[in-house]
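The values are calculated or read from the model by the stated rules, or taken from the named source; none is laboratory data. Here the structure is a predicted model, which means the values were calculated and not measured. In this analysis, Cβ positions are derived from the backbone assuming ideal geometry, glycine residues included, and neighbour counts consider all displayed protein chains. SASA here: full protein model, heavy atoms, side chains in, ligands and nucleic acids out. Shrake-Rupley method; radii C 1.70, N 1.55, O 1.52, S 1.80 Å.
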Amino acid sequence: MNKNQSLFQLVLVLLIFFIFFGCTTTQEKTASAPEKAEVNLADYQPPEWVNKGSGAFKNTNEKVFYGVGLADGMQNLSLQRITADDRAIASVATQIRSVVKRLKKEYESITGAGKDTTERKNVDNAMKLLVSETVNGAKIIDHWEHPVKNVLYALARVELNTLQKQIETRKELSDESRDLIRKKAEKLHDEMAKEGL
């Protein structure tokens, strides 16, 4: 047997050995790999507000609206925080818009055709301004970052009395209209809190 043939046979035997050994270890690793466990939010004990979400709530002595926003999959942490904050405030704005829309509808049904059109127009204009002015009073009060996923949660808050103060500043409304709308806002908050909205 010449030297080249011996060398060729040795390389061939080593190649077969590595192919066989490589396949068995890959199969063993595949067979013994643990299944990926499903990750639940509750496993990481987030603050209560993360699971409750947005809505109208009654805290000890005050009635508030909370908005929860989240941002995920962002590498820029500053942008992620701004996005989560903006989404939380947008959630509060949605709730305030809903309250104002219902207030306007109830006001119109109560006053009916008996009220003059100037007063009704003033109410329309005041209601449009109420949302933006009240949302300007919203504050981001908490953040929570998921420890495994790239998700940041933000919590925004605005008090019902912020909305009621905005109603009081609407000088184009009559005292009667302001009082009626303010009381209806409180009633609507209570209804939303009971409904879990």
Legend entry - Scan of segment 58-67 for residues that are at pLDDT 90 or above and in contact with a helix residue (DSSP H, G or I) (Cβ under 6 Å, 6 or more places away or on another chain), ordered by number: LYS63, PHE65, GLY67
Legend entry - Within segment 154-166, considering residues that are touching a residue at least 40 places away in the same chain (Cβ under 8 Å) and assigned to a helix (DSSP H, G or I), the one nearest to LYS121 (Cα to Cα): LEU163
Legend entry - Residues of segment 118-144 satisfying the condition of being open to solvent by 50 Å² or more (accessible area, probe 1.4 Å) and modelled with pLDDT under 90: THR118, ARG120, LYS121, ASN125, LYS128, LEU129, SER132, GLU133, ASN136
Inset, instruction - Could you check how many residues of segment 167-197 are outside any helix (DSSP H, G or I) and farther than 16 Å from ALA126 by Cα? - result: 2
Legend entry - Unique residue being of a type in the set (A, V, I, L, M), open to solvent by less than 30 Å² (accessible area, probe 1.4 Å) and touching a residue at least 12 places away in the same chain (Cβ under 8 Å) when the list is ILE96, ILE89: ILE96
Legend entry - Residue within segment 29-46 that is under 16 Å from ILE141 (Cα atoms), touching a strand residue (DSSP E or B) at 6+ places or on another chain (Cβ under 8 Å) and modelled with pLDDT of 85 or more present: yes
Inset, instruction - Scan segment 158-168 and give yes if some residue there is over 30 Å from ASN76 (Cβ atoms), touching a strand residue (DSSP E or B) at 6+ places or on another chain (Cβ under 6 Å) and modelled with pLDDT of 80 or more, otherwise no. - result: yes
Inset, instruction - Take the residues in segment 145-192 that are among the acidic types (Asp, Glu) and under 18 Å from the mean Cα position of the chain (by Cα), then tell me which one is surrounded by the fewest Cβ atoms within 10 Å (Cβ to Cβ). - result: GLU145
